[in-house]
Amino acid sequence: MVLACRDKAKGEAALRRLKVDASGAESAAGAAELVMLDLASLDSVREVAASVLASGIQFDGLINNAGIMAPLKRLESRDGFELQFGTNVLGHFALTCGMLPAVTESVVTLASIGHKLGRIAFEDLQSERSYSPRGAYYQTKLADLMFALELERRLRALGSGVRSIAVHPGVAQTNLFKVGSGKGLARVAEKTIMGAIGLFLNSGPDGALPTIFAATSPDAKGGRYYGPQGFKEMSGGDVGDAIVTKAAADVEAQKRLWAVCAELTGVDLPA
């Protein structure tokens, strides 16, 4: 297991927790390691993918789990893309294309129920003309779902045995909601929101269940979208098929988005 993390201190802390929790499974705990990866930098993505391929290690799965949600001001990635699109979409696209030769079973990509509110603004993907924090986020989650579905179609065309699966966590108690200044009233609001989500919706571990199912269960099917089965898909411990909107299922839009991502990142799968 490789934890690909942007923050070294947080990554090392997570690795320590993993090894403690997996202490009864020595082989699993001993095989875990940390790799530094910044999905907001295509150079970082290329370096990690190249390092993985050079190592000769084969992975059962790749989980595209990184996410930035709704910065109050428009920010840019190291490559000049709108930060959410550059990280949530282009970073995962480039990493998947780069690492695919080392993956044997599945690529799991996290979307969101927020994709239902998303629109792919092909005329302004980088939100240069107009920036809406949540609008830009919803666009990336719609794009992630479309990417996962188009990836599955391309894998089948290539005759690959790897499955592409999309998932969402419902509304889960994670650091994704820490988008404010972290001070004063903003900090109080963040704590209140986090507490309410954990109490009434999903905890972090509950939200991870669809991802675990997709990455490990033989019942998880390629080209499917899984999530919690509770109220409005926001909560619940049961995992099942999630709603795919008409916009997400638009095959021509999926192909167009793929072509744009390939052009912007400079990477692609074989034709």
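The values are calculated or read from the model by the stated rules, or taken from the named source; none is laboratory data. The structure displayed is predicted, hence computed values, not measured ones. We place every Cβ from the backbone using ideal geometry, glycine too, and count neighbours over all the protein chains shown. Please note that ligands, DNA and RNA were not included when accessible areas were found on the heavy atoms of the full protein model with its side chains. Shrake-Rupley method; radii C 1.70, N 1.55, O 1.52, S 1.80 Å.
Details
- Some residue of region 121-136 being closer than 24 Å to Val2 by Cβ, aliphatic (A, V, I, L, M) and at pLDDT 95 or above: no
- Yes/no for Val251 being open to solvent by 30 Å² or more (accessible area, probe 1.4 Å), among the hydrophobic types (A, V, I, L, M, F, W, C) and modelled with pLDDT under 95: no
- Test for Gly67: is it of a type outside the set (Phe, Trp, Tyr), over 25 Å from Pro169 (Cα atoms) and open to solvent by 20 Å² or more (accessible area, probe 1.4 Å): no
- Meets criteria (modelled with pLDDT of 95 or more, part of a helix (DSSP H, G or I), over 18 Å from the mean Cα position of the chain (by Cα) and of a type in the set (A, V, I, L, M)) for Ala13: yes
- Where Asp60 falls short, out of the listed (1) over 23 Å from Leu264 (Cβ atoms); (2) modelled with pLDDT under 95: (2)
- Within region 214-244, the residues that satisfy the criterion of being among the hydroxyl-bearing types (Ser, Thr, Tyr) and either open to solvent by 30 Å² or more (accessible area, probe 1.4 Å) or within 25 Å of Leu62 (Cβ to Cβ) (or both) are Thr216, Ser217, Tyr225, Tyr226.
- There is at least one residue in region 21-34 that is surrounded by 12 or more Cβ atoms within 10 Å (Cβ to Cβ), in a helix (DSSP H, G or I), at pLDDT below 90 and at negative phi.
- Against the test of being within 21 Å of Ile165 (Cα to Cα), touching a Phe, Trp or Tyr at 6+ places or on another chain (Cβ under 7 Å) and open to solvent by 10 Å² or more (accessible area, probe 1.4 Å), the options Leu117, Leu100, Leu62, Leu110 yield a single qualifying residue, Leu117.
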